[in-house]
Amino acid sequence: MSSIRKNPASSSVAISAANPARRRLTPADRERQIVEGAVTFFSEHGLDGQLRDLARQLGITHTLLYHYFPTKQALIERVYTEMFEGRWKPEWETLLDDKKLDVETKLTRFYSDYAKVILKSDWVRIFVFSGLNDRYITDRYFSMLREKFFPRMVRETRKYRGISSRGKPSARELELLVGLHGSIFYMGIRRWIYGQSFHDQGLVASDDNDESYIHDRVLAYLLSVDAVLKRHPAKRLPATSASKEISA
């Protein structure tokens with residue numbers, strides 16, 4: 001029986017192929033790896049998840065993780081900046097301020113794009129986990145909405161009804177507005193928290209956020225505002241075609 005001699009060179013190549021050298025990441029790339037890994041980790045395990053487990057999942061040492069983020073809160077703040085502030089588009093504010101568009105079109109276009117951006121598994125799940133935890137992320141996000149979004153929505157809603165008042169919105173106005181906003185977010189809750197869909201089974205996942213569904217919610221909101229605003233003590237503007245249509 002003849003023996004087969006091993007080729008040292010070929011053995012070396014085989015070992016090298018089986019164990020490729022791990023590329024050394026730059027500090028910026030390593031930080032990006034940690035943040036992206038944290039988004040996935042927190043969306044799966046909640047904000048109570050331990051950083052030691054996150055480090056293990058990333059394949060790095062606990063010490064290295066703390067080199068980039070000395071505290072868990074620092075990492076959560078970075079996740080908030082990346083996911084919640086970072087995904088907010090200044091173009092949305094420009095859209096809502098556009099005087100050439102009617103209110104129904106503005107709100108439909110805004111919420112259609114908003115849903116595509118935020119109704120993702122990681123965004124929805126981390127937001128919910130924060131609400132069940134210390135509410136750090138939810139409080140900051142709603143604070144941003146109160147500054148950048150809700151005043152515009154109040155203005156546009158009053159404009160739709162021909163009301164010129166710039167006064168403080170009533171509790172009923174705000175509740176109706178938050179109801180619209182919450183109905184959009186519920187589309188993500190239903191999918192990413194409950195795992196439910198009430199549509200035909202033949203629809204693909206992206207159809208959950210179809211613009212026609214968004215428009216239905218916007219229209220339902222606009223058709224409801226008269227009951228809330230008709231007793232508002234503000235001076236009304238001359239009737240517009242939009243206000244005539246809703247009064248019909």
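The values are calculated or read from the model by the stated rules, or taken from the named source; none is laboratory data. Keep in mind it's a predicted model, so treat the numbers as computed, not measured. Every residue, glycine as well, gets a Cβ built from its backbone with ideal geometry; the counts of neighbours run over all protein chains shown.
Please enumerate the residues belonging to the stretch 88-105 that are under 19 Å from the mean Cα position of the chain (by Cα) and crowded, with 19+ Cβ neighbours inside 10 Å.
Across the stretch 88-105, the qualifying residues are Trp92, Leu96.
Give the number of residues within the stretch 1-58 that are among the hydrophobic types (A, V, I, L, M, F, W, C), modelled with pLDDT of 50 or more and surrounded by fewer than 11 Cβ atoms within 10 Å (Cβ to Cβ).
Going through the stretch 1-58 one residue at a time, the tally reaches 1.
When the stretch 41-61 is examined, which residues are found to be closer than 17 Å to Phe127 by Cβ, touching a helix residue (DSSP H, G or I) at 6+ places or on another chain (Cβ under 7 Å) and assigned to a loop (DSSP other than H, G, I, E, B)?
Gly46, Leu47, Gly49 - these are the residues of the stretch 41-61 that are closer than 17 Å to Phe127 by Cβ, touching a helix residue (DSSP H, G or I) at 6+ places or on another chain (Cβ under 7 Å) and assigned to a loop (DSSP other than H, G, I, E, B).
Given the residues Ile76, Ile163, which is the only one that is over 23 Å from Arg191 (Cα atoms), at pLDDT below 95 and of a type in the set (A, V, I, L, M)?
Checking each option against the conditions leaves just Ile163.
Quick check on Leu64: is it assigned to a helix (DSSP H, G or I), more than 26 Å from the chain's Cα centre (by Cα) and modelled with pLDDT of 95 or more?
yes
What's the total number of residues in the stretch 95-135 that are more than 20 Å from Gly188 (Cα to Cα) and either touching a strand residue (DSSP E or B) at 6+ places or on another chain (Cβ under 9 Å) or not hydrophobic (A, V, I, L, M, F, W, C) (or both)?
Going through the stretch 95-135 one residue at a time, the tally reaches 9.
If the Cβ limit is 9 Å and pairs must be 6+ apart or interchain, which residue in the stretch 81-97 that is without any contact (Cβ under 8 Å) to a residue 24 or more places away in the chain and not assigned by TED's automatic domain parsing to the domain that holds Arg158 pairs with which residue that is surrounded by fewer than 14 Cβ atoms within 10 Å (Cβ to Cβ) and in a helix (DSSP H, G or I)?
From the stretch 81-97, no pairs qualify.
Could you tell me which of the residues Ile184, Ile189, Ile137 is in the same structural domain as Leu229 (by TED's automatic domain parsing), in contact (Cβ under 8 Å) with a residue 12 or more places away in the chain and under 24 Å from Arg32 (Cα atoms)?
Result: Ile137 is the single residue among Ile184, Ile189, Ile137 that is in the same structural domain as Leu229 (by TED's automatic domain parsing), in contact (Cβ under 8 Å) with a residue 12 or more places away in the chain and under 24 Å from Arg32 (Cα atoms).
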